[in-house]
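Undergrad: My questions all concern the structure below.
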Amino acid sequence: MLIGVLALQGAFREHILALEKMEIDTIEVKSNDCIKEIDGLIIPGGESTTMGKLLDSFDLRDEIKKRILSGMPVWGTCAGMILLAKDIGKEKAHLKVMNIRVKRNGYGRQLGSFISKGKFANYTNVSMPFIRAPYIEKVGKNVEVLSIIDGKIVAARENNILVTSFHPEITDDLTVLEYFVKMIE
Ligand SMILES: NC(=O)CC[C@H](N)C(=O)O
């Protein structure tokens, strides 16, 4: 199994280090030639507006979108969730593959960082660091809600697409990474 981590900007190294702990092969995705080889893709947290622009400068948008639409498992954390959403409010959406409406900087821009513990899918007590995180305001049909914290949807799945508002890769808790690996297997 080879998992690609989009490595244009943001917290991609943290994902790679976490996957290495699980002894999973990874590749930094920076050009579209390796997209055909990967079995799954992680779009990390960072700055979604910048990452969205870089998807075009690096000519990655079409190839990534094509593989997601043909069923390749993809996981977007934080900014990655914003990139995958079909609706991000007033701004223009990016990859537009998941039937959710996302609110950027949903907890405020500066003081909106905190760590929570909660339920994710069938797991309890999962560590959830939020860093200027978005949350999901609305889900379309076929979208399964996986986690709600303080009344806000912070993780969801639509078939092969997983999104989390929070950053599991910066904790020692591998629950969500393992969940994603099972989606690929
Ligand atoms: N940690 C993150 O990925 C923050 C996301 C960022 N606030 C954005 O809107 O792109």
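The values are calculated or read from the model by the stated rules, or taken from the named source; none is laboratory data. None of these values were measured; they are calculated from a predicted model. Every residue, glycine among them, receives a Cβ derived from its backbone with ideal geometry; neighbour counts consider all protein chains shown. The accessibility values were calculated without ligands, DNA or RNA, using every heavy atom of the protein model including side chains. Shrake-Rupley method; radii C 1.70, N 1.55, O 1.52, S 1.80 Å.
Undergrad: Given the conditions (1) assigned to a loop (DSSP other than H, G, I, E, B); (2) open to solvent by less than 10 Å² (accessible area, probe 1.4 Å), and given that Ala93 satisfies all but one, which numbered condition is not satisfied?
TA: (2) is the only condition that Ala93 fails.
Undergrad: Has region 141-161 got at least one residue that is surrounded by 17 or more Cβ atoms within 10 Å (Cβ to Cβ), in a loop (DSSP other than H, G, I, E, B) and within 14 Å of the chain's Cα centre (by Cα)?
TA: Yes; the residues of region 141-161 include at least one that is surrounded by 17 or more Cβ atoms within 10 Å (Cβ to Cβ), in a loop (DSSP other than H, G, I, E, B) and within 14 Å of the chain's Cα centre (by Cα).
One line per residue, one yes/no per condition, for (1) assigned to a helix (DSSP H, G or I); (2) open to solvent by less than 30 Å² (accessible area, probe 1.4 Å); (3) within 16 Å of the ligand (Cβ to nearest atom):
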{"residue": "Val5", "(1), (2), (3)": "no, yes, yes"}
{"residue": "Ala18", "(1), (2), (3)": "yes, yes, yes"}
{"residue": "Lys53", "(1), (2), (3)": "yes, no, yes"}
{"residue": "Arg67", "(1), (2), (3)": "yes, no, no"}
{"residue": "Met72", "(1), (2), (3)": "no, yes, no"}
{"residue": "Met81", "(1), (2), (3)": "yes, yes, yes"}
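Undergrad: Ok, one more. I need every pair where a residue in region 107-134 that is of a type in the set (Val, Ile, Thr) has its Cβ under 8 Å from the Cβ of a residue that is more than 16 Å from the ligand (Cβ to nearest atom), sequence separation at least 6 or different chains.
TA: Thr124/Gly118; Val126/Lys117; Val126/Gly118; Val126/Lys119; Val126/Phe120; Val126/Ser147; Val126/Asp173; Val126/Thr175
Undergrad: Moving on to the next point. Only one residue in Asn99, Asn125, Asn105 is more than 11 Å from the ligand (Cβ to nearest atom) and either over 18 Å from the mean Cα position of the chain (by Cα) or on the phi > 0 side of the Ramachandran plot (or both). Which one? I'd like the intermediate steps shown before the answer.
TA: On the way: Asn99 fails: either over 18 Å from the mean Cα position of the chain (by Cα) or on the phi > 0 side of the Ramachandran plot (or both); Asn105 fails: more than 11 Å from the ligand (Cβ to nearest atom).
Criteria check complete, one pass: Asn125.
Undergrad: Another question, then. Would you check if there is a residue in region 99-109 being outside any loop (DSSP other than H, G, I, E, B), closer than 23 Å to Glu47 by Cα and of a type in the set (S, T, N, Q)? Steps first, answer last, please.
TA: Residues of region 99-109 that are outside any loop (DSSP other than H, G, I, E, B), as a first pass: 99-103.
Keeping just the survivors that are closer than 23 Å to Glu47 by Cα gives 99-103.
Add one more test, that the residue is of a type in the set (S, T, N, Q), and what stays is 99.
Looking through region 99-109, at least one residue is outside any loop (DSSP other than H, G, I, E, B), closer than 23 Å to Glu47 by Cα and of a type in the set (S, T, N, Q).
Undergrad: Residue by residue through region 25-51, note down the ones that are assigned to a helix (DSSP H, G or I) and either more than 16 Å from the ligand (Cβ to nearest atom) or under 18 Å from Ile184 (Cβ atoms) (or both). Let's see the steps before the verdict.
TA: Restricting attention to region 25-51, the residues satisfying the condition of being assigned to a helix (DSSP H, G or I) are 32-34, 48-51.
Within region 25-51, Asn32, Asp33, Cys34 meet the criteria.
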